[in-house]
Amino acid sequence: MAVQYYEGIGRRKESTARVRLMNGAGVFMVNKKPAEAYFTRLGDLETILAPLEAAGENRSVMDITVLVKGGGVTGQTDAVQLGVARALLKMNPDLRPTMRKGGFLTRDPRVKERKKPGLKRARKAPTYTKR
């Protein structure tokens, strides 16, 4: 018999995270590493697990596996958080108002602005010289 899991995909900047929630012993793996070893920055794990806290779900009875690619630490953290929220929603659609109120279902649309011709970066102009 196949293992029943709920999948959510989260994106932020250049990062994409595929999150799977299933019943289990509370194992949290990110790219085949323990989550504590992958997200070492202070507060990142709390950010990721915030949707679980808001939903009142017990983390110790749920296995979480994440495949995250691209971007940096902040982008990956936010992508995983969105993925967890979306997976929880598939597990229990009644959580939508709670997730919406916490702001966990809103995808952050901000991305790096493209460089424009004639400028050094997206907005920085070359130094003006009068003579």
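Values quoted throughout were computed directly from the atomic coordinates according to the rules given, and no laboratory measurement underlies them. Model, not experiment: these values are computed from the prediction. Using ideal geometry, Cβ is built from the backbone for each residue, glycine included, and neighbour counts are taken over all protein chains shown.
Inside region 63-105, residues that are among the aliphatic types (A, V, I, L, M) and out of contact with any helix residue (DSSP H, G or I) (no Cβ under 8 Å at 6 or more places or on another chain) make up a count of 5. With respect to being more than 19 Å from Tyr5 (Cα to Cα) and of a type in the set (A, V, I, L, M), Ala54 fits the description.
Taken over region 77-103, the criterion of being assigned to a loop (DSSP other than H, G, I, E, B) and closer than 16 Å to Leu21 by Cα is satisfied by Asn92 alone. Selection of region 58-74 for residues being under 16 Å from Ala35 (Cβ atoms) and crowded, with 17+ Cβ neighbours inside 10 Å yields Met62, Asp63, Ile64, Thr65, Val66, Val68.
Each residue in region 1-29 was checked for being aromatic (Phe, Trp, Tyr) and either within 8 Å of Asp63 (Cβ to Cβ) or under 16 Å from the mean Cα position of the chain (by Cα) (or both), and 2 of them qualify.
Quick grid of which residues meet (1) of a type outside the set (Lys, Arg); (2) surrounded by fewer than 17 Cβ atoms within 10 Å (Cβ to Cβ); (3) under 28 Å from Gln4 (Cβ atoms); (4) under 18 Å from the mean Cα position of the chain (by Cα):
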| position | (1), (2), (3), (4) |
| --- | --- |
| Lys32 | no, yes, yes, yes |
| Gln76 | yes, no, yes, yes |
| Gly118 | yes, yes, no, no |
| Ala122 | yes, yes, no, no |
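Each residue in region 85-116 was checked for being touching a residue at least 24 places away in the same chain (Cβ under 8 Å) and surrounded by fewer than 10 Cβ atoms within 10 Å (Cβ to Cβ), and 2 pass. Within region 66-86, not a single residue is small (Gly, Ala, Ser) and out of contact with any strand residue (DSSP E or B) (no Cβ under 9 Å at 6 or more places or on another chain). When the residues of region 34-45 are narrowed to those that are of a type in the set (D, E, K, R) and surrounded by 11 or more Cβ atoms within 10 Å (Cβ to Cβ), which ends up nearest to the chain's Cα centre (by Cα)? Per the criteria, the residue is Asp44.
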